[in-house]
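The values are calculated or read from the model by the stated rules, or taken from the named source; none is laboratory data. On a predicted model such as this, the values are computed, not experimentally measured, just so you know. Here Cβ is always computed from backbone atoms with ideal geometry, including for glycine, and neighbour counts include all displayed protein chains.
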Amino acid sequence: MGFITGNPPLTRPDSTFAVPTEIKYGIGKVGNLAIDLQLAPDLAERTRLAVFTDAGVAAAGLLDIVRQAFAETEHAIVAVIADTPPESDAVFVKQAAAQLKEQDVSLIIALGGGSVMDTAKIAAVMAAYGGEAHEYEGGFMVPGPITPIIAIPTTVGTGSEVTLAAVVKDAVQRRKLTIASPFLFPRMAVLDPAMVATLPAKLVAWTGFDALTHAIEAYSCVEREPISAALALGAIELIADNLEAAVQESGPTEARAKMQYAATMAAMAFSNSPVGAVHAIAHSVGALFGVHHGLSNAIALPFVMAFNLPAVAAHYAAIARALGVTPDGQSTDELAEAAIAAVRDLKQRCGVPMQYREVGVPTDADTAAAITDLTLEDICLSFNPVKAERDEILALVTRTL
Ligand SMILES: NC(=O)c1ccc[n+]([C@@H]2O[C@H](COP(=O)([O-])OP(=O)(O)OC[C@H]3O[C@@H](n4cnc5c(N)ncnc54)[C@H](O)[C@@H]3O)[C@@H](O)[C@H]2O)c1
Ligand SMILES: [Fe+2]
C-alpha cells in the first residue's frame, strides 16, 4: 500500500490530462529568450512582440532584463503594457487588446504574476475575437486560438503560466470572472529564479499559499485524476520544505526556485482537477474588498478544509504526510486533522493572518451575506467535495471573518 496515498481506488470512469505548455527552467533563461524563440519552428517568424507587465515588476528591474534580451535581435518590442492593475481589470484588458491589434503583435511576453499573465491572456482573446471579457466567462467560451504567449512568472503562486484559466475583475459589478479554455494555455513558460529574487517576503508567503491551495483543492476535488494527484502531492511536499525559507531569504535562492516549480506543478494539477470552495470564497472576498488573491486563499484554506474533512479525510491524511506529518498510529481522521494543523502552523511561520478581519474585512451579517451570494455564483464551488446549501456556506464564510 502506498505510504503517502494509501493507494485509493480510481474514482472516475474517464478523465483527461493535458498541459501543452513547454516549460523551461534556469537562472538567466530570460536573458537568453531570443535564442529559445528562434529555435522553436512555430515561433521563429513571430518577431513583433508585446510585453505585458506591471509597475512593481518594472520597478524591480525585470522589464529591463526582457528589453535587453531582445536588443540587437530580429525581434521588435512594438508595445509595452506596463501598468497592468492588480487582480486585472475588464476595462484595462479591452484597451490592451486594442493595442495588440493596432500594432499587429505576433507574440506576447507576459512578465509578472497572475494579474499580468491573465490580463495578457484575455487581451489576446479580445484582440482576436472582439467583445467584452464577460462574454467569455465560464468554460470553453473562447472560440479559437490566440496569439501565442510566453509566460514569465515573477510570483510563486498562480501558475497561470501553465493553466487554461484567466481571472479578471469586473470593477463595475464588483465580482471576479473566470475564463477557462484550452486556448488559454501559454505556448511556453520560463521559470527563471532571477525573476522571483526580488519578490517581497509577504508576497512570497501569500502567493506560496495560493500554490498550496491549488494543490490541496486539486487533490481533493470531485474531478480528481491520478496524474494531477501526483503533481499536487509533489507540490505540497516542495512547499512544506521550502516556503518558509523562501519567505525568509530573498535572492535567486534554491528555496525560491523550488517554490517556482511547486507553483507550476500545482497549477498543472488544478488545470486538470479543478479548485473548489477556498477559491470561490477567496474570489468573492477579493472582488468585494480588494484582498490579494493568495492572501485571501490562505485565510479561507484551513476553514474550508475543516468543512470538507468528513468527505475527504483519506485525501487529507495523504496531504498530512506530504506536509511532513509522520503517522504514529493515528486514525485517518486524526491524520486529516493533522493536515489542517500543519497548514495553520505553516501560516504562522510565514506570518500569514488567520481571519479576514485582520486584513480589514468587516465582520457584520451583511458582509457575510454578500460574500456568500458571490461564492454561490462562483464556478469553482461546483468542484468542491462537499455540496452545501446557502445557510451552510453562510456559516462557513462567517467563521472566516
Ligand atoms: N490564471 C490562473 O490560473 C490563476 C490562478 C490563480 C490566481 N489567478 C489570479 O492571479 C492574480 C494574482 O496574481 P499574483 O498572486 O501572482 O499577484 P500579482 O500579479 O497581483 O502581483 C502582486 C504584486 O507583486 C508585485 N510583484 C510581482 N512579482 C514581483 C517581483 N518579482 N518583484 C517585485 N514585485 C513583484 C506586483 O507588482 C504586484 O504589485 C489574481 O487576479 C488571481 O485571481 C489566476
Ligand atoms: Fe489561485
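Looking across segment 207-232 at every residue that is more than 10 Å from ligand 2 (Cβ to nearest atom) and in contact with a Gly (Cβ under 7 Å, 6 or more places away or on another chain), the one that is modelled with the highest pLDDT is identified as Gly208. Ala370 meets the conditions (1) in a loop (DSSP other than H, G, I, E, B); (2) surrounded by fewer than 21 Cβ atoms within 10 Å (Cβ to Cβ) in every case but one. The failed one is (1). Only one of Cys380, Cys350 is at pLDDT below 95 and closer than 25 Å to Phe270 by Cβ. Can you tell me which? Of Cys380, Cys350, the one residue that is at pLDDT below 95 and closer than 25 Å to Phe270 by Cβ is Cys380. Restricting segment 145-156 to residues that are within 16 Å of ligand 2 (Cβ to nearest atom) and under 21 Å from Arg67 (Cα atoms), the residue that is surrounded by the fewest Cβ atoms within 10 Å (Cβ to Cβ) is Thr154.
So, of the residues in segment 197-207 that are within 6 Å of ligand 1 (Cβ to nearest atom) and within 19 Å of Ile236 (Cα to Cα), which turns out to be surrounded by the most Cβ atoms within 10 Å (Cβ to Cβ)? The extreme case among them is Thr207.
Evaluating Ala166 against the criteria (1) over 17 Å from the mean Cα position of the chain (by Cα); (2) of a type in the set (A, V, I, L, M); (3) near ligand 1 (Cβ under 8 Å from one of its atoms) leaves one unmet condition, (1). With respect to the conditions (1) near ligand 1 (Cβ under 10 Å from one of its atoms); (2) at pLDDT 95 or above, Ser88 falls short on a single one, namely (2).
Screening segment 110-154 for residues that are within 15 Å of ligand 1 (Cβ to nearest atom) and charged (D, E, K, R) and picking the one that is nearest to Pro20 (Cα to Cα) gives Lys121.
Per this entry, Gly159 is counted among residues that are on the phi > 0 side of the Ramachandran plot, buried (at least 24 other Cβ atoms within 10 Å of the Cβ) and within 11 Å of ligand 1 (Cβ to nearest atom).
Residue-wise test of (1) within 13 Å of the chain's Cα centre (by Cα); (2) of a type in the set (Ser, Thr, Tyr); (3) closer than 22 Å to Ala336 by Cα.
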site	(1), (2), (3)
Ser228	no, yes, yes
Leu231	no, no, yes
Ile236	no, no, yes
Gln248	no, no, no
Ala266	yes, no, yes
Ala269	yes, no, yes
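Only residues that are buried (at least 16 other Cβ atoms within 10 Å of the Cβ) and among the aromatic types (Phe, Trp, Tyr) were counted across segment 130-144, and they come to 1. Of the helices (runs of 4 or more DSSP H) contained entirely in segment 44-114, those carrying at least 1 residues that are buried (at least 18 other Cβ atoms within 10 Å of the Cβ) and out of contact with any helix residue (DSSP H, G or I) (no Cβ under 8 Å at 6 or more places or on another chain) fall at 55-59.
For segment 271-283: of the residues being at pLDDT 95 or above and part of a helix (DSSP H, G or I), which is nearest to the chain's Cα centre (by Cα)? Ranking the qualifying residues of segment 271-283, first place goes to His279.
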